[in-house]
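Report on the structure given below.
The values are calculated or read from the model by the stated rules, or taken from the named source; none is laboratory data. Everything numeric in this text was worked out from a predicted model, so none of it was measured. Cβ coordinates were reconstructed from backbone atoms using ideal geometry, including for glycine residues, and neighbour counts include every protein chain displayed. These accessible areas exclude ligands, DNA and RNA; they are computed on the full protein's heavy atoms, side chains included. Shrake-Rupley method; radii C 1.70, N 1.55, O 1.52, S 1.80 Å.
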Amino acid sequence: MKVGRFTAVLAACGYGFLLSPLLLVCLLSFSADDYLTFPPSGWSLRWFGALVANGAMLQAARTSLLLASVVTLLALAAGLPAALAVARGWVPGAVAALLSAPLLLPTLVLGLALLMALQPLALVATWPGLALAHIVVVLPFVVRIMTTALSALPAELEAAAATLGASPLRVFWRVTLPLAAPGAIAAATLAFLVSFDEVVISLFLVGPRLTTLSVALFRYTESRTDPLVAALAVALIAVTVVVVLTVDRLVGFTRTIGRT
Amino acid sequence: MSRRQAGWLLCLPALALLTLAFLWPMAILARMSLNETSESGMLVETVSTATYVKLAEDAFTWQVTRDSLVLSAGCATSALLLAYPMALFLFRTRSRWRNLLAIAAIAPLLVSGTGRVIGWLAILGDGGMVNAALHAIGLPTQHLINNWTGVRIGLTESVMPYTVLALLAGFGRLDPRLEEAAATLGARPLRAFWRVTFPLTLPAVSAGWLLAFVLAISAFVTPHLMGGGRVFVLATEIYDAATQTLDWPAAAALSIYALVLLLVLMLAHGTLSRRAAA
Amino acid sequence: MTHLVLEGLTRAYGGRPVVQGVSLSVERGSLLALLGPSGCGKTTTLRMVAGLEAPDAGRILVEGRDVTPLAPHRRRMGVVFQSYALFPHMTAAANVAFGLEMHGVPRGERVRRAAEALTLVGLADHAQKRPRQLSGGQQQRVALARALAIEPDVLLLDEPLSALDAKLREELRSEMRAIQQRVGATSVFVTHDQAEALAMADMVAVMDQGRIAQLGTPEDVFERPRTPFVATFVGRSARFAGQAEGGAVRAGGMAIHAAGLPATGAVEVFVRPHRIRVLADGDTAENALDGTIAAIDYTGEVAQLQVDTPVGRVPVDVATADGAWRARQPGQPIRLGWRATDTIWFAA
């Protein structure tokens, strides 16, 4: 079907609106000015230099990377078996609903609830506390993507493997798991990115000695607007773009996302 | 072992995590909303509805509720208007750039919300791109951030990718042959769209609007940063009560109130769209 | 020698009976077709034999051994699925070798036997291709090779040709039959296509609403249907109702002669188009009907005529090479005849 010129023009306007902030952030991260002004009076890499020299930011970046990795692994370990049970209909529908329930809740409310629950246990501003909070946010994504991926497998493939002599466990290892691998990679990617970018819940649960990069960026933006935040945002975008493009090359990320 | 038992066993780790970090904290939150804060700001352990009563008697609560609803409805509507042509374009195009354009439409989702706010500050700030353009043609500075205008613009952009996704999911069930059939029956392209395609996309439009609305009313980062402390919505009120005034019972009661409000709105939307479909 | 026996297989879904007391036996090395319209329970029957569905009642015996309680992977039944169900992440060769690996065949022998199976179906050159790089017909052959490679006790085929286009279907039909006979695999074949069943099977079981309506050779089923359902479902026919009276059927003011009629009672009559001749002037027949040509479908070798007669509309096949054809036109009068023994009747 043909795309009308009218539709194309309106779509271009939508894209312009949607992508202009990202474009401006990228441009102004190369500003030579002391403030976020447009057009900048000159171009330089000074703010990237300032970023690399900022010890607190680097520490927060290390925390965020480690946290996102741990959270991804744990969420996959817990989410994959659950997704299998949901996809096969081995558990009541209420369980599936419960597994995606945290998605429906405003993260602000969830963050507040976690603060009130973890404070008495002295788990605020600790690794276990932060990891637990992030897993709850990430788990519904993992379960949903994996459930979709597993449900999309033709049931007859597993039946065929069984008639060829494969026991249920071997059917899972040799047929189900390899075919669900693209879904698992997509789920892991999304889990990593969601945890890495999570800011609202973390706001309640970080402390002076343990903070994440996205919280540091938020706090910095609250108080000052110089191109350092733009440089930091660009660094975050660069990480995301590299991850997404790599995974898309490998397994077709957009298709997997589109199906959830 | 039966399939049921195997199913529960497989779900056990996930359910344990959810209980620990979701169900239990939500119970604590609900319990906290029944406590009171004394005149001196001390937490008083009790079971009463005093905090709720205090909120209900405060005219500011109703003002914030109305502002939040109006803001979210407006943002959802403008996000939908902007996203619809994008989704239609992505659905129809056979361009080899389609995949890249699809990624571009949802890419902002994968970029931290704070990063996008910074972009808007650079566009809308007093020294930003828009005011630079205004100055160039001799117009005075317009204040576009730290007020409702900035929040409206930022929030619209922040929910747009979800709207595109929701619309695309709805369009996926649309048969492209229908419009071709309308054309063979003599309908001009715009008429074919208006009489055939558009009515069939209404369920997707409705679902996309609700999603955008729910996300907008739940949003915190954009109203907080773009509003610069001068824009008050439910989310910023909850945050301030929890972290500035340290009135936890009030923060908890406001949270429960916001959740009930969301639930009622979603149920109302469900009933309305079912009635429209019937 | 009897190889596979089904005894009273019964299965219901949510209270709705799908298969009701199906019993039959299949001789070693022969091919049985389960023929019936969609929803008649033929695929469910096949899946119960494969172990993919558990029967509510009844038994499945292979060489006298009860296999009913066995899981599918312990049954050694080769199954060709309607969708082929080829593993998309494995090459054709790996697909075929999969079952051998599961049965503990050592690696070297596995490779050799997989290659043999692929050669058998004429795909030796495509061993290293993935399923999506193969055409529909090639995929079908890989599925057959995969099922045969485990040297199954019984080969089960679920509408294996239905996803192919008409010409390829006929080609593969004879090819599959030849392979099945060469290997000597006892086979059960599910199909809704009567031509396929008649052409390929040694025995045909016609199924209707979960029951076997008739079990017999293809010729039995076609020439001597036992119920009106079988007569209607397998092949075309002229069909009309009448009253038995004095050794003939009274219908539309005519007397239709038939063999072995009861003295009296309502009957339903079928006559196959290929049994009806066009009578030239002066020709006689045990049954003769005057009529008018209503429509002609010219299909090349045969012209299919619809003739309006006193007993209703009658289909007649006329060989176009035959003198009786002479390029007839709709509206022309025509005289039809057939033998009394070719009148198929059922007491109504």
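Here are the numbers for this structure:
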read-out: Residue mean of other protein chain beta carbons inside 10 Å, A:6-16; value: 6
read-out: Buried accessible area, chains C and A (both chains, 1.4 Å probe, Å² to nearest 100); value: 1800 Å²
read-out: C:ASP297-C:GLU223 pseudo-label distance in nm [points 7 Å out on the Cα-to-Cβ vector]; value: 2.5 nm
read-out: Sites excluded, GluC sites (Glu not before Pro) in DSSP loops with at most 16 other C-beta within 10 Å, longest stretch of chain C; value: C:64-285
read-out: Formal net charge of residues neighbouring B:GLY113 (Cβ-Cβ distance under 11 Å; K, R +1; D, E -1); value: -2
read-out: Cβ-Cβ FRET estimate between A:PHE6 and B:ILE137, R0 fixed at 41 Å, reported to 0.05; value: 0.90
read-out: Neighbour count of at most 15 Cβ within 10 Å plus DSSP loop: longest trypsin sites (Lys or Arg not before Pro)-free window in chain A; value: A:3-208
read-out: Whole-number accessible area per residue in Å² for the range B:1-143, which is evaluated in the context of all protein chains at 1.4 Å; value: 51 Å²
read-out: Per-pair calculated FRET efficiency, R0 = 25 Å: A:LEU169 and B:LEU20 via Cβ, rounded to 0.05; value: 0.25
read-out: Net lengthening on full extension, C:GLN304/C:LYS167 (0.36 nm per residue, minus Cα-Cα); value: 47.2 nm
read-out: Rounded accessible area per residue of the range C:154-294, 1.4 Å, Å²; value: 44 Å²
read-out: Environment charge at C:ARG339 (Cβ cut-off 11 Å; Lys +1, Arg +1, Asp -1, Glu -1); value: 0
read-out: Peptide-level mean, for A:190-200, of C-beta atoms on other protein chains within 10 Å; value: 3
read-out: Anisotropy class of chain A from Cα gyration tensor, a/c 1.5 cut; value: oblate
read-out: Carbon plus sulfur fraction of accessible area for the range A:55-258, probe 1.4 Å, in percent; value: 70 percent
read-out: Protein accessible area in the range B:58-277, 1.4 Å probe - carbon and sulfur %; value: 67 percent
read-out: Exposed-loop-free span, longest in chain B, where trypsin sites (Lys or Arg not before Pro) count as exposed if DSSP calls them loop and at most 14 other C-beta atoms lie within 10 Å; value: B:1-93
read-out: Sparse-neighbourhood loop sites, GluC sites (Glu not before Pro) in the range B:32-72 - DSSP loop, at most 16 other Cβ within 10 angstrom; value: B:GLU39, B:GLU45
read-out: Compactness of the range B:58-277 as Cα Rg over 2.2 N^0.38 Å, two decimals; value: 1.19
read-out: Buried accessible area, chains B and A (both chains, 1.4 Å probe, Å² to nearest 100); value: 7100 Å²
read-out: Cβ-based net charge around C:ILE150, under 12 Å, with every Lys or Arg adding one and every Asp or Glu removing one; value: +2
read-out: Most mobile listed residue (C:GLN304, C:GLN139, C:GLN82) in chain C, GNM with C-alpha springs under 10 Å; value: C:GLN304
read-out: Spin-label pair B:GLN244/B:SER2, simplified geometry with 7 Å Cα→Cβ offset, distance in nm; value: 5.6 nm
read-out: Shielding by partners - mean other protein chain Cβ count within 10 Å, residues of B:96-108; value: 4
read-out: Beta bridges per DSSP with both ends in the range C:122-236, % antiparallel, nearest 5; value: 55 percent
read-out: Convex hull volume per residue in cubic angstrom - Cα atoms of the range C:288-345; value: 94 Å³
read-out: Dimensions (Å) - the protein assembly as shown, Cα atoms, principal axes, largest first; value: 116, 65, 61
read-out: Cross-link partners of C:LYS42 among aspartates and glutamates (Cα-Cα below 14 Å; sequence separation of 8 or more within a chain); value: C:GLU53, C:ASP158, C:GLU159, C:ASP193, C:ASP208
read-out: Theoretical FRET efficiency, 1/(1+(r/R0)^6), r = Cβ-Cβ of C:ARG182 and C:ALA12, R0 41 Å, to 0.05; value: 0.55
